[in-house]
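To keep things clear, I will list the structure first and then write my remarks on it.
Rule-based calculations on the coordinates, nothing more; no lab input. Computed from a prediction, not measured in an experiment: that's the story for all the values here. Here Cβ is always computed from backbone atoms with ideal geometry, including for glycine, and neighbour counts include all displayed protein chains.
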Amino acid sequence: MQRRILNALPVILFALCGVAVSVMIQDIHRQLSADVTFTSFCNINSQINCDVVLMSPYAYLGGITVSLWAILFYVGVVVAALASVRFDKARQREGAARVVFGMSVLGLLFSIYMAVVAFFILGTLCLMCSALYLVSLGLFASAWRLRSATNSAHGGKRTGEGTAGNDKKVLLASLGAGALLIAFGAFGVLGGGSEPLDAEGIRQTKPDIYRWFMERPRVDVPTEGHSRGPVDAAVTLVEFSDFNCPHCAHLDETISQILRGKHPDLRVVFRHFPLSSDCNSAAKSTIHPTACLAAVAAECAGEQDRFWQYEHTLFANQGSFRRSDLVGYARIVGLDVAAFERCLESDEARARVENDAREGARLGVQSTPTIFLNGRRIEGAPKGDVLLDAITLARDEITADAR
C-alpha cells in the first residue's frame, strides 16, 4: 500500500496544484465579468496580461469557462489516482492508472492548444495560464510513471532499470518540450514578434484600412457622459449603443480587451441610442422594445457609481431585460436596490437617455453601434485589429495637428 501511495502521490500533488491555480483563474474571471473596470494582478502590460486571455472567446468551452472545466478535470484526476491506490484488484488498479494517463494526455494537448492561442493568436503571455501549462507537463510525466509502476508491479513486461530509464526519458522529454513551448511563445510575444505598425506603416502595408479611416466624416462630438480611461487621453472613443444590439455587445468586449491590453490610455465615453421610438424620437420603429428600460436602468446604476459594471452585465445578459431581471442585476453589482427601483420610476434617468438619443441623431447616428474616434464617425463594430489601427491613425492625427 505504501508503495502505491508513493507512486500516485506526484500525480495527486500536480492535480491539486492544478485545482488551486484553476480556482484562482476562475476567481479572476468572475471579477472581470462582474466589473468591466477590474484589473487583475497579472495584468502587467500589453505583453504580459492574463485579462486579455481570460476575457477572450477562447476562455469558454460550451458556454462554461475553461477554468471551471479545469477544476472539474483536476478533481477527476485526483479521484482516479486515489482509485489506483485503493482498488483491491490489480486489474482495477491498472485500469485506474490508464485512466489517469489518458486524462494527462488530454490535459497536455489542451494546454498546448491554449498556449498557441495565447502566444500566437492573442499575442500575450498569461502567467496564470503558463502555470497550468507546467502543471500539465508534470502531470503527464508523473501519470506515465504511475502507469509504468502499476504495470511493472503486476506482471508488466517492462521492469527494473529499463522501466526507470524510460520513465526518466519521458520526464525529460516532457519538461524539455514544455520549456521550448513556453520559451518560444514568450520570445514571440516579448521580443521576437513584429513591432506594432505606426501610421505610416499602416498607410504603406494596409492602404485599404488607411483610406477607409481617412474617408470617415469628421464632426465635433461632445465628450461628456459615462467614461473610463484618462480624461486627458490623446484618443477618445465616443460610443452610441443599444443594450439589445448583439454587435454592440461584441464591440463592448473588443473595447474592453483593448483597454486591458494595447491601449489602456484610451478614453471611452458611452452614450445611449436605443432602437426604440419609446425613448428615441429618431427611431422610425421599435426594433428593441426593452432597450429603453435597460438604458434607464444603466443610468440608475450610474447614479450609484456602478455604470460600467452594470453596462457589462446588461451586455452579458441580452434578451433578459424584464424589470425583475434589471432589479436582479442591480443586486449582482451591489446597488442599493430600493434606490435603484425609485430611480427606474423617475423622469431624470429617462430624460438623460432621451437626450443621448437626440444628440446621436444630431451627429448622424442611424444605427448601432456607431462610434466617434476623435470625431471620425465609424458605423458598425470594427474587428479588434481594425479598431487598433484606427486608434493608431487617430493618435497620429493629433500628433500631426500639434506639429
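A few points about this structure:
- Taking the chain as a whole, the Cys residues whose C-beta sits 4.7 Å or farther from every other Cys C-beta are CYS17.
- Counting only whole DSSP H helices of the chain, the ones at least 20 Å long by C-alpha along their axis and with mean Kyte-Doolittle hydropathy no lower than -1.0 are 2-34, 66-86, 90-116, 127-153, 160-187, 246-260, 384-402.
- Ranked TYR329, TYR58, TYR113, criterion: other C-beta atoms within 10 Å, fewest first: TYR113, TYR58, TYR329
- Taking every alpha-carbon pair under 8 Å whose residues sit at least 6 apart, the range 254-382 reaches a relative contact order of 25 percent.
- Count of lysine pairs in the chain with Cα separation under 22 Å (8 or more residues apart, or interchain): 6
- The equivalent ellipsoid that matches the C-alpha gyration tensor of the range 10-63 spans semi-axes of 22, 14, 11 angstrom, in descending order.
- Each of THR65, VAL53, GLY18 was placed along the dipole of the range 1-91 (beta-carbon charges, centred on the mean Cα), and the one lying farthest toward the positive end is GLY18.
- Cα-derived Rg over Rh, computed across the range 199-402 with Rh taken as Kirkwood radius: 0.99
- Here the dipole of the range 1-152 is about 880 debye; that uses its Cα centre as origin and unit charges on the Cβ of Lys and Arg (positive) and Asp and Glu (negative).
- Placing unit charges on each Cβ (+1 for Lys and Arg, -1 for Asp and Glu) gives the chain a dipole about its Cα centre, and among PRO382, SER346, VAL269 the Cα reaching farthest toward its positive end belongs to PRO382.
- Sparse-neighbour loop sites [trypsin sites (Lys or Arg not before Pro); the range 211-319; at most 15 other C-beta within 10 Å; DSSP]: LYS284
- Sorted by Cβ neighbour density within 10 Å, fewest at the top, the residues ILE287, ILE391, ILE371: ILE287, ILE391, ILE371
- Largest-first ellipsoid semi-axes for the chain, taking √(5λ) over the Cα gyration tensor eigenvalues, angstrom: 51, 27, 14
- In the range 224-303, Cα pairs under 8 Å separated by at least six residues give a relative contact order of 35 percent.
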